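The values are calculated or read from the model by the stated rules, or taken from the named source; none is laboratory data. Computed from a predicted structure; not experimentally measured. As a convention, Cβ positions derive from the backbone with ideal geometry for all residues, glycine included, and neighbour counts pool all protein chains shown.
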There are 2 protein chains.
Amino acid sequence: MSDASPIPLPRAVTEERVAELADLFRLMGDATRLRIILSCLGGPASVGEIAARSGASASLVSHHLRLLRAARLVRAERRGRQIFYSPRDEHIRCVIEDMVAHVGEPREIEEVD
Amino acid sequence: MSDASPIPLPRAVTEERVAELADLFRLMGDATRLRIILSCLGGPASVGEIAARSGASASLVSHHLRLLRAARLVRAERRGRQIFYSPRDEHIRCVIEDMVAHVGEPREIEEVD
DNA sequence: TCAACATATGAACACCTGTTCAAATATGGA
DNA sequence: TCCATATTTGAACAGGTGTTCATATGTTGA
């Protein structure tokens, strides 16, 4: 509306990366998918194991793993007739740890209104 | 591989916290909301400033800010007739930085299939 | 080859959510 | 008071999405 500032966003995050970042956050923003990620965060886990740990059906887990793999959040590795999934890199763990730290922050009193 | 790496995180994430974490990630998983967060990441910004920086209407920004405030991702502070929003704590910045680092990871070759 | 297991796929459904528009509320100054 | 600015709110629509079920694909061992 009023004054338009020339430099919109923090320089590290370009506008084209915003969509990419949002996609990744959105994928982690579903409880089932987050459980799936957590289920293989400690090391490679098969679809069956992930399904058992997360409490979701193998079919649903497979659907979600496809999205997670396409977004490069997890990697797949075949061993025999099972396929083991694991986090793509260590940053996913950091992201989760930071968010855990956030929810652990002491709750302040609302100031406005 | 099956290297026995210790399990650092999953134990800390209880089932009841999964839903809470997913809610936060889901809020950051929308491009408009992520731009809003980025717009006030550098310090308190009014709704009008955020709208100008993010390119969204004041109405839409207000709608999203309500969600972000309810989820304790941002805080609100009134100054005169404007209301300034800023990130609730520093962890949000860390989460974003980690995710930026993730997308910056070199892309490996797909192994399976 | 066959059977048994493991995972993937497609369609269909119900549900949710982001956006717009119009109107309302609130604050500060003349 | 009245007016202009700033932010909020509600309703309504369009589009997206998670889930289930049934089926298909692929792998191992006999």
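Remarks
- Criterion: more than 7 Å from chain B (Cβ to nearest Cβ) and either within 8 Å of DNA strand D (Cβ to nearest atom) or within 20 Å of B:Met99 (Cα to Cα) (or both) - qualifying residue of A:Glu20, A:Glu15: A:Glu15
- Condition broken by A:Cys94, with the remaining ones in (1) closer than 17 Å to B:Glu16 by Cβ; (2) crowded, with 18+ Cβ neighbours inside 10 Å satisfied: (1)
- Only a single item in (1) out of contact with any Ser or Thr (no Cβ under 9 Å at 6 or more places or on another chain); (2) charged (D, E, K, R); (3) at the interface with chain A (Cβ under 8 Å from one of its Cβ atoms); (4) under 20 Å from B:Asp30 (Cβ atoms) is not met by B:Arg78, and it is number (4).
- When A:Ile83, A:Ile96 are checked against the criterion of being β-branched (Val, Ile, Thr) and more than 10 Å from DNA strand C (Cβ to nearest atom), a single residue qualifies: A:Ile96.
- Complete set of residues in the stretch A:47-59 that are near DNA strand C (Cβ under 8 Å from one of its atoms) and surrounded by fewer than 19 Cβ atoms within 10 Å (Cβ to Cβ): A:Gly48, A:Glu49, A:Ala58, A:Ser59
- Test result for B:Ile109, more than 9 Å from chain A (Cβ to nearest Cβ) and modelled with pLDDT of 95 or more: no
- Unique match (being more than 7 Å from chain B (Cβ to nearest Cβ), buried (at least 16 other Cβ atoms within 10 Å of the Cβ), more than 9 Å from DNA strand C (Cβ to nearest atom) and not in a loop (DSSP other than H, G, I, E, B)) among A:Arg33, A:Arg69: A:Arg33
- Pick from the stretch B:37-51, criterion part of a helix (DSSP H, G or I) and in contact (Cβ under 8 Å) with a residue 40 or more places away in the chain, ranking: nearest to the chain's Cα centre (by Cα): B:Ile37
- Conditions (1) outside any helix (DSSP H, G or I); (2) within 11 Å of DNA strand D (Cβ to nearest atom); (3) under 16 Å from the mean Cα position of the chain (by Cα): number failed by A:Arg75: (2)
- Checklist (1) within 20 Å of B:Ile37 (Cβ to Cβ); (2) assigned to a loop (DSSP other than H, G, I, E, B); (3) modelled with pLDDT of 95 or more applied to A:Val95, failing item: (2)
- Subset of the stretch B:45-60 [under 23 Å from B:Met99 (Cα atoms) and within 11 Å of DNA strand D (Cβ to nearest atom)]: B:Ile50
- The set of residues in the stretch B:48-61 that are more than 21 Å from A:Thr14 (Cα to Cα) and touching a helix residue (DSSP H, G or I) at 6+ places or on another chain (Cβ under 6 Å) contains only B:Ala58.
- Condition check for A:Pro6: modelled with pLDDT under 95 and surrounded by fewer than 14 Cβ atoms within 10 Å (Cβ to Cβ): yes
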